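Notes to accompany the following structure.
The values are calculated or read from the model by the stated rules, or taken from the named source; none is laboratory data. What you see is a predicted model, and the numbers here were worked out from it, not measured in a lab. Don't worry about glycine lacking a Cβ; one is built from the backbone with ideal geometry, like all the others, and counts go over all protein chains shown. Only protein heavy atoms, including side chains, enter the accessible area calculation; ligands, DNA and RNA are left aside. Shrake-Rupley method; radii C 1.70, N 1.55, O 1.52, S 1.80 Å.
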Amino acid sequence: SGCASAGVEISRSDQMGPASSTNQATPTTEADTPAPTSQPDLAPSVDDGLPAIDPVAWTTCATQPAPWQCGQIVVPLNYADLAGQKVTIALTRLPAADPARRIGSLVLNPGGPGGSGILIAFAEASSFPSDVLDRFDVVGFDPRGVGESTAVQCPPDFDAAVESYQACVELNGELLAYLGTPNVARDMEMVRKAVGDERLTFLGYSYGTALGAVFANLFPDRIRAMVLDGAIDPDAGLSNVDGGGGYDFYAEQDFEGTLEVFHSLCDETSFCAAGPDSRDLLDDVYDTVRDTPAPYFAGSDRVTRSDVDDIVYSAMYSAYDWAFLGIALRDAANGDASTLAALNSWLQFGYPADMESQTNYDFANIAIRCADFENRGSGSYECEQFPDTAESLPVITAIDAPTPILVVGTKDDPATPGRYADQLADALGDAVDINWDGAGHTAYLTSGCISDLVTAYLIDQIVPADGETCAFVPDAATVTERADTVFADLDPPSAVDAIESLVAESDVPADLVRCVAEGIVERGDERLIVHQFLGVESPDLINLRGVVVMRCLSGG
């Protein structure tokens, strides 16, 4: 096995990014699905102390095609008041492709906090190894406060750029006090029971590692296999303890450290458009960007220094985005900020931008953090208008689990630096950590080596050696070889698939769209492929598209 290429792909895996609206129906009828097979030797040892719950009534999803199914469960708002107010948790599942060998459900959480587990299931399932898809139902859920579950909302036409969140706080009332991680962990236990698994198999990214670790502290004997990728600081909850210290957040981030890796690799390869002096180029862009027009992207006619900060830091989440960033910076240095503006939209809000969903995600993110961190006096000024939390994030402590938990770290992870993987595994006690010597946020499905270890753990419960490390780029003997791989040319088939729908939005005749997409990629100009992907209608792209249309019309 080996690490997947860190070269550029036209795809986006956004574990920490905005949640957008989901496409699922309210469950109405039981779907015709294979009966789950039993899990041998997994009898629970003690009662979890939570109420009983009926199985999920799975039905078809509104726009997501079969075999995807959607459903919901109803759980207490306050687990200390089981007879009181209820909230709804929305779920989706992709049934195991090989029902006769089905192990159970693989429950996902993308992080955030505030990310949609339903959306990550829809987006990521096709990337999972076939062995995982054969053996598990892939299950995503929207945590309380998020997406299609009982969700926090802001008033219509709310504009966070000019308004405080006070109106949003008033609109959501009592819900805000019960959004903290411990209650979501209890909801996960209710999901486990409702999908019929005797023990939980869980894959959590980023903030999702907090959910997994707190679940482990609450229900250690209910774990079948648990992967925590992009570990939080296990002591983050110290800020909620009198005299405990801490800094009111899940981890001490290091975007500057990852940016240094970007610069070092960019300047080592001819594939990076921003090299060979990318630091100086970035400084020049900062100095001139406010006076640099962006005429070829409809979403913005100007980019600010603050926008550049957002773009650069957002691009650090994935090395797959680094070639895009290099092209955008070079275009801006050459007097055109259109690609930067487009990249800002794509990284921050999706393209085309879904601002309503972004507003709801932003508020959910803040609301969950304010519920997790009750120490409002040390930097949590944004939480001052929120109600007191019912239960804040605890310090993670040691457990005794049926199978050791697997914690995954990435050395140059900007949001949850790799050192926390070792710390979280040590705090849990019955856990091991493995590490990717790479850059970006989280490693599963990015590093082939990590993916192989995780997949063997999920399916066969094979626990890797504690501290096992996977190379950033397999078989790269020098920094230049590593850099060449990270900034390598676009993969032609994936590039054609990615830009096809965007070509369709231009004036290209419908029957020529695939031919034109293939023709643009065949020309091999990475800059123009990126322009097409991001919606930058530059003169060079328009000219190229016209030439390719004529070729396609002539059958050439």
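Some values worked out for this structure:
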read-out: Filtered residue count, segment 213-245, keeping only those that are assigned to a loop (DSSP other than H, G, I, E, B), of a type outside the set (Phe, Trp, Tyr) and either at pLDDT below 95 or open to solvent by 10 Å² or more (accessible area, probe 1.4 Å) (or both); value: 7
read-out: Which listed residue, of 492, 474, is closer than 22 Å to residue 525 by Cα, at pLDDT below 95 and open to solvent by 30 Å² or more (accessible area, probe 1.4 Å); value: 492
read-out: Test for residue 487: is it touching a helix residue (DSSP H, G or I) at 6+ places or on another chain (Cβ under 8 Å), over 25 Å from residue 342 (Cα atoms), surrounded by 14 or more Cβ atoms within 10 Å (Cβ to Cβ) and not polar (S, T, N, Q); value: no
read-out: Matching residues, segment 292-337, being touching a Phe, Trp or Tyr at 6+ places or on another chain (Cβ under 9 Å), open to solvent by less than 30 Å² (accessible area, probe 1.4 Å) and in a loop (DSSP other than H, G, I, E, B); value: 316, 336, 337
read-out: Residue count for segment 384-442, restricted to those that are surrounded by 22 or more Cβ atoms within 10 Å (Cβ to Cβ), free of Cβ contacts under 8 Å to residues at least 40 places away in the same chain and in a loop (DSSP other than H, G, I, E, B); value: 1
read-out: Residues of segment 503-532 that turn out to be over 29 Å from residue 438 (Cβ atoms) and either outside any helix (DSSP H, G or I) or touching a Phe, Trp or Tyr at 6+ places or on another chain (Cβ under 6 Å) (or both), as a count; value: 6
read-out: Filtered residues of segment 82-123 (kept if in contact with a helix residue (DSSP H, G or I) (Cβ under 6 Å, 6 or more places away or on another chain), part of a loop (DSSP other than H, G, I, E, B) and within 24 Å of residue 179 (Cα to Cα)); value: 110, 111, 112, 113, 114
read-out: Odd one out for residue 456, checked against (1) in a loop (DSSP other than H, G, I, E, B); (2) within 24 Å of the chain's Cα centre (by Cα); value: (1)
read-out: Matching residues in segment 120-174 - criterion: being open to solvent by 10 Å² or more (accessible area, probe 1.4 Å), aliphatic (A, V, I, L, M) and touching a Lys or Arg at 6+ places or on another chain (Cβ under 9 Å); value: 123, 151
read-out: Selection status of residue 421, under 23 Å from the mean Cα position of the chain (by Cα), under 21 Å from residue 476 (Cβ atoms) and of a type outside the set (D, E, K, R); value: no
read-out: Some residue of segment 182-189 being touching a helix residue (DSSP H, G or I) at 6+ places or on another chain (Cβ under 8 Å), farther than 18 Å from residue 391 by Cβ and among the basic types (Lys, Arg); value: no
read-out: Output for segment 56-76, where each listed residue is crowded, with 18+ Cβ neighbours inside 10 Å and aliphatic (A, V, I, L, M); value: 56, 73, 75
read-out: Unique residue being modelled with pLDDT under 95 and over 29 Å from residue 451 (Cα atoms) when the list is 386, 349; value: 386
read-out: Qualifying positions in segment 124-146 - part of a loop (DSSP other than H, G, I, E, B), touching a Gly at 6+ places or on another chain (Cβ under 8 Å) and not hydrophobic (A, V, I, L, M, F, W, C); value: 142, 143
read-out: Options 283, 277, 197; residue that is open to solvent by less than 30 Å² (accessible area, probe 1.4 Å) and either in contact (Cβ under 8 Å) with a residue 40 or more places away in the chain or more than 26 Å from residue 71 (Cβ to Cβ) (or both); value: 197
read-out: Qualifying residue in segment 524-541 (condition: of a type in the set (A, V, I, L, M, F, W, C) and loosely packed, with under 15 Cβ neighbours inside 10 Å); value: no
